[in-house]
Amino acid sequence: MADTRESWQTRLGFILAAVGSAVGLGNIWRFPWMASENGGAAFLVVYLGIVLLVGVPGLLGEFVIGRRSKRNPVGALSSLSDSKGWSAFGHVFVVTAVLLLSFYSVVGGWILRYFGASFTGAYFGNPGAYFSSINYGFEAVAFHVLFLFLTAAIVGFGVKGGIERATKVMMPAIVVLLVGLAAWGLTLDGASAGLAFYLSPDLGYLQTHFLDILPAAAGQALFTLSLGAGTMVTYASYLGEDRSLPVDGTFIAGLNTLVGVLAGFVVFPILFALGSGAGQPGAGAVFVSLAGAFAALPYGQVVAVVFFGVVALAALSSSISMLEIPVSFLVDEYGVSRRKATVAFTGLFLVTGSVNALSAQVFGFVAGTLVNLLLTGGLAGFLLFTGWVLGTDAVAELRSGAGDLGQRLATPWLYAVGVVLPLFLVFTLLSSLLPCSASNSGRAPSSRSPSASS
Ligand code: PHE
């Protein structure tokens with residue numbers, strides 16, 4: 001099967017697909033929400049630190065496993081080790097992917113709905129009531145199904161013909177449109193107050209709330225970089241040998257962070273322009289506060305169309321990476337054709353997504369606690385595997401195609417991913433579970449369901 005296995009056409013194609021996976025609702029919906037609940041700039045500082053110190057080495061861990069094995073996460077762990085335990089553990093990633101897309105496509109459906117409603121101004125009169133009327137129920141199911149079909153259509157066309165082709169168009173469009181939106185945001189009256197909240201860290205707050213901010217920032221860093229689910233293992237499994245993983249990884253993390261920060265330049269000025277400040281957000285921020293702002297601000301309707309269009313593209317470029325995990329699993333492990341595998345899992349997601357679309361409680365639990373736990377535990381598992389099972393092979397894999405700096409950093413990197421990072425991940429996991437950090441509603445949407453926050 002290995003010789004017929006798909007691969008990326010170009011290096012840029014891989015990079016844009018990986019950035020496409022990373023850039024998503026995490027940047028535009030979840031990041032400003034987390035930042036606003038955890039001290040704004042104070043959160044930004046910790047988050048950036050974690051992206052650099054945990055995110056980039058973690059990303060390289062997943063890349064190394066993927067490129068070395070040329071398999072999906074289950075096949076990767078079983079082919080690179082003799083242990084049945086690791087092979088069994090690999091199946092956790094299929095479960096994680098299923099849970100991820102089950103809630104993500106519901107939010108994707110909301111976005112499509114708002115994109116359409118922006119043309120007619122349907123939510124302009126009463127944004128709060130509008131959101132509450134569409135967030136859960138049969139209409140939410142219908143839009144989730146629409147979003148899922150779009151996702152499946154791209155994945156069904158394959159790695160080159162579907163994912164690579166789509167993300168090559170989507171990513172530049174997202175960046176250009178976001179820059180335009182940020183430029184518009186900066187002209188608003190509240191821009192300076194919004195940016196002050198966003199960009200000048202309150203060191204006192206950072207000190208007193210550090211243990212609350214830490215797990216929130218770590219959870220956000222993992223989610224936004226698509227780490228811990230096996231996405232990056234899968235995408236790297238379609239790579240040729242000759243590329244520098246450290247360079248690609250740093251670039252991908254950097255571009256993703258840039259988009260996240262840029263999204264803050266759009267969201268915070270808008271929130272402050274309306275005088276709602278940062279206290280309002282929550283999971284419904286994009287749908288309630290921002291939608292309300294669009295109704296009230298100059299050129300709001302045009303901006304709303306562009307904004308929800310950008311978010312829809314970003315969500316889609318991430319959801320395809322979630323569907324690709326179980327699809328590649330069926331293709332690699334059972335020799336099923338891509339089309340059939342895509343249809344089979346789409347059928348499953350029709351059901352699991354609908355459950356999320358019908359119940360705020362299920363949605364909150366899956367999108368929050370469960371996904372959070374699985375991503376953190378999943379990344380810790382991948383990194384322990386890299387450090388303790390692959391060991392020197394991981395160093396060799398990282399070095400292959402890397403420049404001087406990559407060569408020199410490979411061994412210290414192995415200690416980091418084998419020992420330091422797993423300890424850090426377990427610590428953040430525990431600290432988020434402890435009641436003392438309950439004020440950190442931050443890690444995920446669990447603590448405030450979108451409906452509650454409206
Ligand atoms: N990174 C994506 C986002 O920010 C979410 C994601 C998580 C995608 C895990 C794949 C795997 O929206």
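Only the coordinates and a few stated rules stand behind these numbers; no lab work does. Predicted model only: the values in this text are computed from it and were never measured. Neighbour counts run over all protein chains shown; Cβ positions are idealised from the backbone, glycine included.
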Using alpha-carbon positions, the gyration tensor of the stretch 156-204 gives root eigenvalues a ≥ b ≥ c; with a/c under 1.5 called rounded, otherwise prolate if a/b exceeds b/c, else oblate, the class is oblate
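Would the stretch 163-241 count as rounded, prolate or oblate if I go by the C-alpha gyration tensor, calling it rounded below 1.5 in a/c and otherwise prolate when a/b exceeds b/c, oblate otherwise?
Numbers: a/c = 4.44, a/b = 1.30, b/c = 3.41.
Judged from the Cα gyration tensor, the stretch 163-241 comes out oblate (a/c at least 1.5, b/c at or above a/b).
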Using the Cα centre of the chain as origin and beta-carbon charges of +1 (Lys, Arg) and -1 (Asp, Glu), tell me which of 247, 89, 79 is placed farthest towards the positive end of the dipole. 79
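Tell me, what is the percent relative contact order of the stretch 98-172, built from C-alpha pairs under 8 Å that lie six or more residues apart? Before the final figure, lay out each step's value.
Numbers: 41 pairs, mean separation 27.0, N = 75.
Contact order relative to length: 36 percent.
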Stokes-Einstein D for the stretch 241-397 (20 °C, 1.002 mPa s, Kirkwood Rh from Cα pairs), in µm²/s, comes to 109 µm²/s
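So, R0 is 22 Å and r is the distance between the beta-carbons of residue 207 and residue 426; what FRET efficiency does that work out to, to 0.05?
Details: r = 24 Å, r/R0 = 1.08.
It comes out at approximately 0.40.
Where the only charges are on Cβ atoms (+1 Lys, Arg; -1 Asp, Glu), what is the dipole of the stretch 223-353 about its Cα centre, to the nearest 20 debye? Mind showing how you got there, number by number?
Working: 4 positive and 6 negative charges, 72 e Å.
Computed charge dipole of the stretch 223-353: roughly 340 debye.
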What is the diffusion coefficient of the stretch 171-305 in µm²/s, taking the Kirkwood radius over Cα pairs and the Stokes-Einstein relation at 25 °C with a viscosity of 0.890 mPa s? 143 µm²/s
I'd like the FRET efficiency for residue 302 and residue 393, computed as 1/(1 + (r/R0)^6) with the beta carbon distance as r and R0 of 41 Å, rounded to 0.05. 0.15
The helix 245-273 Cα axis meets the longest alpha-carbon principal axis of the chain at an angle in degrees, between 0 and 90 and rounded to 10, of 10 degrees
Under the Karplus relation 6.51 cos²θ - 1.76 cosθ + 1.60, θ = phi - 60°, what is the ordered set of whole-Hz ³J(HN,Hα) values for the stretch 326-338, x standing for Gly and Pro? x, 5, 5, 4, 5, 5, 5, 8, 10, x, 6, 6, 4
Using packing as a proxy for protection, rank 401-413, 307-319 so that the peptide with the highest average count of other Cβ atoms within 10 Å comes first. 307-319, 401-413
Along the Cα→Cβ direction, 7 angstrom out, place labels at residue 119 and residue 196. What is the inter-label distance in nm? 4.2 nm
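Give the relative contact order (percent, whole number) for the chain; include only Cα pairs under 8 Å separated by 6+ residues.
Details: 780 pairs, mean separation 152.8, N = 454.
RCO, the chain: 34 percent.
Let me know the shape class of the chain, please: from the alpha-carbon gyration tensor, a ≥ b ≥ c as square roots of the eigenvalues, rounded when a/c is under 1.5, otherwise prolate if a/b is greater than b/c, or oblate.
Values: a/c = 1.66, a/b = 1.34, b/c = 1.24.
Here the chain falls in the prolate category.
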Which of 84, 168 comes first, and how do the rest follow, when ranked by fewest Cβ neighbours within 10 Å? 84, 168
Whole-Hz couplings from phi, Karplus 6.51/-1.76/1.60, listed for the stretch 359-366; x for Gly and Pro: 10, 4, 5, 4, 4, x, 5, 5
Among the aspartates and glutamates, which fall within straight-line cross-link reach of residue 160, defined as a Cα-Cα distance under 12 Å, with same-chain neighbours fewer than 8 residues apart omitted? 6
